[in-house]
1. Once every DSSP H run of n ≥ 4 in the chain is given -39500 (n - 2.57) and the sum is divided by its residues, what mean residue ellipticity at 222 nm do you get, rounded to the nearest 500 deg cm²/dmol?
2. Longer than 20 Å from Cα to Cα, which of 51/145; 80/134; 141/188; 80/111 are they? Say none if no pair is.
3. Once the dipole of the chain is set up with Lys and Arg at +1 and Asp and Glu at -1 on Cβ about the Cα centre, which of 87, 109, 39 lies farthest towards its positive end?
4. Could you please rank 57, 169, placing first whichever residue has the fewest other Cβ atoms within 10 Å of its Cβ?
5. Give me D for region 1-92 in µm² s⁻¹, whole number, from Stokes-Einstein with Rh from the Kirkwood sum over alpha-carbon pairs, 10 °C and 1.306 mPa s.
6. Beyond 12 Å, what percent of the Cα pairs of region 118-170 remain?
7. What is the distance, in nm, between label points placed 7 Å from the Cα along the Cα-to-Cβ direction at residue 48 and at residue 76?
8. With r defined as the distance between the Cβ atoms of residue 56 and residue 87 and R0 fixed at 35 Å, what FRET efficiency is calculated, to the nearest 0.05?
Amino acid sequence: MKKYTDLSLETYLEKLSSDAPVPGGGSVSAYAGALGMGLTQMVVRIALKRKPQAGLTPEQKFQEDANRKRMEEILDSLEKTRADAMQVVDLDPKVYNEVMARYREGGAPEKLEDALQNAFRLQADLALILVMAKEWNAHMKTLVKGAVANDLIVSDGLLAAAFEGAFHTAHINAVYMKKPERKEHAEKALAELRNRFMKGN
């Protein structure tokens, strides 16, 4: 089968809306996050295309150059995190199937625990990416004006939905963990991610 990321949006949506359990919420969260990051990249590129204002003072020119450098850094960072999110679109169905396979096997609690840990970690890592993307959005809001800034609001909405999906998909895997120390560590990590994500609200 083709990778989910190789499918058209229409085909992906058809598979999503079928009675098959994959792709599911974890894959969709990653897709939504990647869309949000892509939208922010569009805003950055439009802002970087604009010519600097004429007649700037040396101080204003210094600030203008610093702003452009920061936007270029955000653009590069988003290129990597968007690619990471798109990988999760494909990886999440695989780790889900692995967890289900361990449940069907039975009698191998250690293997199930490891599968749950892998599924948790994939979505927790996605949640961290989304936290960073939201922070970059907040910075971009201080650097762009006009109609294009509205796209950052749309991006924020996508990132928020993606974070909720990643958070809860990670959490449900933590719920079924049997090792107390592993479960406690997972829940603590998620709480820290949520606190960081909510700081910008």
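1. -28000 deg cm²/dmol
2. Too far apart for the 20 Å limit: 141/188; 80/111.
3. Ranked along the dipole, the leading option is 39.
4. 57, 169
5. Stokes-Einstein gives a translational diffusion coefficient of 103 µm²/s.
6. Pairs farther apart than 12 Å: 63 percent.
7. 1.0 nm
8. Plugging the Cβ-Cβ distance into 1/(1 + (r/R0)^6) gives 0.25.
Here, each number is a calculation from the coordinates, and none is a lab measurement. On a predicted model such as this, the values are computed, not experimentally measured, just so you know. When we count neighbours, we look across all protein chains shown, and the Cβ atoms used for this are built from the backbone with ideal geometry, even at glycine.
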